[in-house]
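A quick write-up on the structure given underneath.
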């Protein structure tokens, strides 16, 4: 298993319940073939530049271990979710 990190930005106007549902959905996708190490909700932050007419977003960082195919599935789910403004999945190399 490899170590990964994903940071995704949700629309700022989402209700807390909707945000929690989305975060749980992405966590369950990871847990289907890997293991979540840490979930860090940064909250609403100002974006460096406007994205899809949004000036701020709700940031969530998840560290996880998984096989090589899981990040592709996770990115596919980020892409089809209307409430995700931006996402990034990074492979963390061991030092």
Residue count, the range 3-40 (criterion: within 23 Å of residue 55 (Cβ to Cβ), assigned to a strand (DSSP E or B) and without any contact (Cβ under 8 Å) to a residue 60 or more places away in the chain): 1
Consider residue 7 carefully, then state whether it is under 12 Å from the mean Cα position of the chain (by Cα), over 28 Å from residue 93 (Cβ atoms) and surrounded by 12 or more Cβ atoms within 10 Å (Cβ to Cβ). no
Report whether or not residue 43 is part of a strand (DSSP E or B), over 11 Å from the mean Cα position of the chain (by Cα) and buried (at least 17 other Cβ atoms within 10 Å of the Cβ). no
Considering the range 69-95 alone, what residues qualify as being touching a strand residue (DSSP E or B) at 6+ places or on another chain (Cβ under 8 Å), in a loop (DSSP other than H, G, I, E, B) and surrounded by 11 or more Cβ atoms within 10 Å (Cβ to Cβ)? 83
Pairs with Cβ under 9 Å, 6+ apart, first in the range 43-61 and at positive phi, second assigned to a strand (DSSP E or B) and surrounded by 12 or more Cβ atoms within 10 Å (Cβ to Cβ): 43/58; 43/59; 52/85; 52/86
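None of the figures in this text is laboratory data; all of them are computed from the coordinates on show. Here the structure is a predicted model, which means the values were calculated and not measured. Using ideal geometry, Cβ is built from the backbone for each residue, glycine included, and neighbour counts are taken over all protein chains shown.
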